[in-house]
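Where a number appears in this text, it was derived from the coordinates with a stated rule and is not lab data. No experiment lies behind these values; they were computed from the predicted model shown. For neighbour counting, all protein chains shown are included, and Cβ atoms are generated from backbone atoms with ideal geometry for every residue, glycine included.
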Amino acid sequence: MKLNTALEYCCMLQRTKLSMSWRSGSLSRTCKIITLYAKFIHSDKQMSSIKLNGLLYWNVCSPTFIKIVKKKTVADYSGFPYVCTLLNCLLWVVYGLPVVEFQVLVVTINAAGCFIEFLFLTLYLLNAEKKIRMKVMKLLMLVLVSFIAVTVLVLELIEDKKKRKTVIGTLCAVFAVGMYASPLSIMRMVIQTRSVKYMPFLLSLFNFINGLVWFGYAFIGGVDIYIAIPNGLGAASGIAQLALYAFYRNATPRDGDEKGNPTKATNNNFASIELEKNGAQKQSSHVSKSQTNEIV
């Protein structure tokens, strides 16, 4: 009996020592976790996560274009955001080249973005009506010519890399803000129609995530204001889109639902009105005939 009591006492002391050592080491473990996280920010794994986020952001419009290809029409989807995004990617590729300031991550992600946006625009133009196609093609040609002209002028006339960075960085920041602000026209449509049909949720979500991730990247190894400012605004724009989506998502009209389909409901109302008119005309003609027979 005494032996068992002694063993229990020893076990209790051991557990007490372990608990005290765990508490005393909790602070040091917390510091280690923070240190590992700080190292992760500057590691290749974090860079890979940024690359993955960038590729997901460029491909988030894929479901929209699958619908466009299946229906063979762009419906009310605007091509303006994709043109703005293409120009934004082209400018960032130049910004990340050695002739300005060499940044491998900026070049690779935005080069992939250029390819994907070209593909999306090709599908958009193939499935758009002639009037819309011509409008988007004119805008695209204007963007490409302007990009080539500005790039050549900056590289030829400005030899100092710092000045090149200032000019190209400012243009990148301006058009990045334009890219993030391009959904404003869609947001206006959402408010007017009380429908989020043409504002995909994933696009709004990754708009927010992409802006937030690149905003954090801008503070690695110093502060890059040309990356930080537009992407900070982009994250704010993403929050606004998500809030708008949450507010109007229940008002989205369902396919085949007359209550949610104003056009169909209106057509049915017109049809019922016509039937009532025809019925009233038949009834009036019948009454007039009966009155004529009575007089005769």
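Could you let me know the centre-to-centre spacing of segment 231-250 and segment 73-103, using Cα atoms, in angstrom? About 21 Å separates the Cα centre of segment 231-250 from the one of segment 73-103. Going from the residue with the fewest nearby Cβ atoms within 10 Å to the one with the most, Arg188, Arg133 rank Arg188, Arg133.
So the label point goes 7 Å from the Cα of Phe247 along Cα→C-beta, right? Which residues of segment 192-212 then have their backbone N under 14 Å from it? Counting only backbone N, you get 192-196. In this structure, Phe102 and Ile239 have a Cβ-Cβ separation that, at R0 = 35 Å, corresponds to a calculated FRET efficiency of about 0.60. The Cβ shell under 14 Å around Glu101 holds other residues with a net charge of +3, Lys and Arg each +1, Asp and Glu each -1. Put in line by how crowded their Cβ is, counting other Cβ atoms within 10 Å and starting with the fewest, Cys172, Cys84, Cys114 read Cys114, Cys84, Cys172.
Under the classification rounded if a/c is under 1.5, otherwise prolate if a/b is larger than b/c and oblate if not, where does segment 121-167 fall, given a ≥ b ≥ c as square roots of the Cα gyration tensor eigenvalues? Prolate, since a/c reaches 1.5 and a/b exceeds b/c. Length available on full extension from Thr122 to Asp76: 0.36 nm per residue minus the Cα-Cα distance, which gives 14.9 nm. Taking 0.36 nm per residue of separation and subtracting the Cα-Cα distance, full extension of the segment from Val167 to Ile220 would add 16.9 nm. Taking each residue as 0.36 nm, the span from Ile66 to Leu157 lengthens on full extension beyond its C-alpha to C-alpha distance by 28.4 nm.
By other beta-carbon atoms within 10 Å, ranking Met187, Met134 with the fewest at the front produces Met134, Met187.
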